[in-house]
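Visitor: Have a look at this one before I ask anything.
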Amino acid sequence: FNGALLFLSLLIVAAAVWVAITVADRLVRPISELVGAARGVAGGDLAVRVPEPKAQDEIGTLARAFNSMTGRLEDQRTELVTANAQLESRRALIEAVMSGVSAGVISIAADRKVRLINTPARTLLRHSDGDPVGRPLKQVAPELDAMLDGDEREAVVQITTGGEAVTLAVKITRDEAGQVLTFDDITQQLNDQRRAAWSDVARRIAHEIKNPLTPIQLAAERLQRRYGKKIENDDGTFAKLTGTIVRQVGDLRRMVDEFSSFARMPKPLFRQESLLDIARQAMFLHEVAHPTIHFELDAPDPAPTIICDRRQIGQALTNIVKNAVEAIEGRGEGEALPQGEVRLTIERGSDHRVLLTVADNGVGLPVERNRIVEPYMTTRSGGTGLGLAIVKKIVEEHFGTIAFSDRPGGGTCVTICFDTDLLANMGEVPEDDESTEPSPTVLTRTGKAKS
């Protein structure tokens with residue numbers, strides 16, 4: 001009996017333990033699943049779910065609330081990812097558009113700090129002092145910052161970058177987040193308009209002045225011939241006055257010729273020419289007239305040839321050498337001054353380019369060096385201001401560029417660059433063309449080509 005009672009007791013205890021474990025598992029398992037799911041959510045897995053019990057008790061309510069929360073979080077994350085993808089796509093599109101346009105674009109925050117700046121804006125502003133993003137606009141471009149103080153949406157602003165004056169056409173778009181500035185460099189456009197206007201003025205001046213010059217000169221010369229020997233008791237005043245009239249008419253005629261050359265520049269006649277021969281002729285004309293100045297011509301062997309208008313290129317080089325001579329003479333006289341020197345160099349550059357450099361040790365470039373090629377811009381009292389304007393016009397019609405810089409040790413360097421590939425497309429003269437002008441004889445005294 002005692003054994004049976006012991007067995008029954010053990011059986012009852014085992015059953016009680018099994019019932020307790022089963023009940024505890026039913027209570028703890030949902031909690032364990034919630035803990036595991038919560039850890040999954042903490043690890044970034046918002047797709048995790050817990051089984052929802054059918055019983056409408058607290059555990060079931062908690063499971064349904066948890067699943068609802070993770071579902072909303074997953075939906076919100078999906079929306080955020082989609083929105084970020086759209087923002088990234090828009091940002092890439094904006095950057096592509098901003099980098100592809102030629103206009104400068106700067107986005108300014110409400111505190112006037114630069115939020116975004118494209119490559120053309122960096123180039124136009126020539127800002128090399130670190131990244132401008134995040135910096136106040138006043139530090140990057142104070143002229144543009146001052147424009148924001150007004151109510152104008154469009155304006156023409158002149159800024160100074162790299163020591164040169166640049167004219168910008170600026171437009172401002174305002175919104176709640178700040179402003180967007182777009183601007184274009186219209187410096188060359190204004191120069192072209194100014195040059196066209198001056199060409200028209202020069203043509204009118206040449207037309208109005210040239211007509212009366214010939215009868216004035218003929219009348220003065222006739223007075224000299226007819227009455228010069230008949231006037232008695234004359235101390236030479238009559239001859240001096242009539243001579244002055246003739247000389248001044250000659251000076252006016254020279255100025256009118258420059259006006260005509262600038263206003264009616266003929267189209268270039270492109271032929272294969274030797275730059276060395278053209279340079280030698282331009283140097284010789286001044287070499288003979290100024291024996292106290294040392295002239296030197298340096299060119300490779302063989303010297304390069306290009307397709308060009310010989311007369312126009314010769315005129316351009318003559319004007320540049322003439323300016324170099326006048327710059328040397330402008331130093332004055334003194335024993336401490338070194339001998340005047342004009343050096344013309346011809347060299348081959350990269351990418352099928354030919355460079356001509358004229359260097360002198362004269363007075364150097366003026367303060368307004370960026371305007372020296374504008375019509376009627378001169379620093380000499382007797383100049384017309386058309387010499388370099390004509391040179392620039394000739395160089396541009398030959399698809400070239402002209403640049404001015406300071407010569408080491410004092411003076412000026414003028415560099416002309418021609419693209420031989422572009423000039424080669426202008427056409428060639430047939431070999432049997434009888435109208436081809438022969439190359440002039442080399443006239444230079446001391447200029448010589450050197451390897």
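Visitor: Sort 354-367, 165-178 for me by packing, meaning the mean count of neighbouring Cβ atoms within 10 Å per residue, highest on top. Walk me through the numbers on the way to the answer.
Guide: Details: 354-367: 19.1, 165-178: 14.9.
Highest to lowest by the protection proxy: 354-367, 165-178.
Visitor: So how strong a dipole does the range 271-424 carry about its Cα centre when Lys and Arg Cβ are +1 and Asp and Glu Cβ are -1, to the nearest 20 debye? Walk me through the intermediate numbers first.
Guide: Details: 15 positive and 22 negative charges, 71 e Å.
Result for the range 271-424 is approximately 340 debye, rounded to the nearest 20.
Visitor: Say the dipole of the chain comes from +1 at the beta carbon of Lys and Arg and -1 at that of Asp and Glu; which of Val157, Pro304, Pro212 then lies farthest toward its positive end?
Guide: Checked the options; the winner is Pro212.
Visitor: In addition: Taking R0 as 41 Å, what FRET efficiency do you get between Arg112 and Ala197 from their Cβ-Cβ distance, rounded to the nearest 0.05? Write out the running numbers ahead of the final one.
Guide: On the way: r = 38 Å, r/R0 = 0.92.
Rounded to the nearest 0.05, the efficiency is 0.60.
Visitor: To the nearest 20 debye, what is the magnitude of the charge dipole of the range 101-185 about its Cα centre, counting +1 on the Cβ of each Lys and Arg and -1 on the Cβ of each Asp and Glu? Can you show the working numbers first?
Guide: Working: 10 positive and 14 negative charges, 52 e Å.
That gives the range 101-185 a dipole magnitude of about 260 debye.
Visitor: Further question on the same structure: List the DSSP H helices in the chain whose Cα atoms stretch 30 Å or more along the helix axis and whose mean Kyte-Doolittle hydropathy is at least 0.0.
Guide: Details: long enough: 2-42 (58 Å, 1.43); 58-100 (62 Å, -0.23); 187-227 (57 Å, -1.00); 237-263 (38 Å, 0.10).
Flagged H segments are 2-42, 237-263.
Visitor: Based on DSSP H runs of at least 4 residues, each adding -39500 (n - 2.57), what is the mean residue ellipticity at 222 nm of the chain after dividing by all its residues, to the nearest 500 deg cm²/dmol? Write down the numbers at each step before the final one.
Guide: Working: 11 runs with 220 residues, N = 451.
Taking each H run of at least 4 residues, the total per residue is -17000 deg cm²/dmol.
Visitor: Continuing with the same structure: Report, in debye and to the nearest 20, how large the dipole of the chain comes out about its Cα centre when Lys and Arg carry +1 and Asp and Glu carry -1 on their Cβ.
Guide: Here the chain has a charge dipole of around 700 debye.
Visitor: Please list, in order along the range 50-57, the HN-Hα scalar couplings obtained from phi with the Karplus expression 6.51 cos²θ - 1.76 cosθ + 1.60 (θ = phi - 60°), rounded to whole Hz, x for Gly and Pro.
Guide: With coefficients 6.51, -1.76 and 1.60, one gets 10, x, 9, x, 6, 5, 8, 9 Hz.
Visitor: In the range 318-341, whose amide N lies under 19 Å from the spot 7 Å out along Cα-to-Cβ of Glu296? List them in ranges.
Guide: 321-322, 324-329, 337-341, by backbone N distance to the label point.
Visitor: Which length gain, in nm to one decimal place, applies between Glu95 and Gln272 when the Cα-Cα distance is subtracted from 0.36 nm times their residue separation? Don't skip to the end; give the middle numbers.
Guide: Numbers: separation 177, 0.36 × 177 = 63.72 nm, distance 4.66 nm.
Once the chain is fully extended between Glu95 and Gln272, it gains 59.1 nm.
Visitor: Sorted by average packing, counted as other Cβ atoms within 10 angstrom per residue and highest first, what order do 83-94, 319-330 take?
Guide: Working: 83-94: 10.4, 319-330: 19.8.
Order by mean packing, descending: 319-330, 83-94.
Visitor: Let me ask another. May I ask you to derive the relative contact order of the chain, considering only C-alpha pairs under 8 Å and at least 6 residues apart, and to give it as an integer percent?
Guide: Values: 603 pairs, mean separation 46.3, N = 451.
Contact order relative to length: 10 percent.
Visitor: Then there is this: If I model a spin label at Ser350 and Leu62 as a point 7 Å from the Cα along the Cα→Cβ vector, what separation in nanometres do I get?
Guide: That separation, rounded to one decimal, is 7.4 nm.
Visitor: Order the peptides 237-249, 98-110 from the highest to the lowest mean number of other Cβ atoms within 10 Å of their residues. Spell out each step's value before the answer.
Guide: Working: 237-249: 14.0, 98-110: 16.8.
Peptide ranking by packing, descending: 98-110, 237-249.
Visitor: Starting from the Cα of Lys322, draw a straight line to each of the lysines and keep only those under 21 Å, dropping any in the same chain fewer than 8 residues away.
Guide: The reachable lysines, counting only those whose Cα sits under 21 Å from Lys322, are Lys392, Lys393, Lys448.
Visitor: At what distance in nm do the modelled label points of Ala403 and Ala336 sit from each other, each positioned 7 Å from its Cα along Cα→Cβ?
Guide: My value for the distance between the label points is 3.4 nm.
Rule-based calculations on the coordinates, nothing more; no lab input. Everything quoted here is computed from the prediction, not taken from an experiment. Counting neighbours? That spans all protein chains shown, and the Cβs are built from the backbone with ideal geometry, glycine included.
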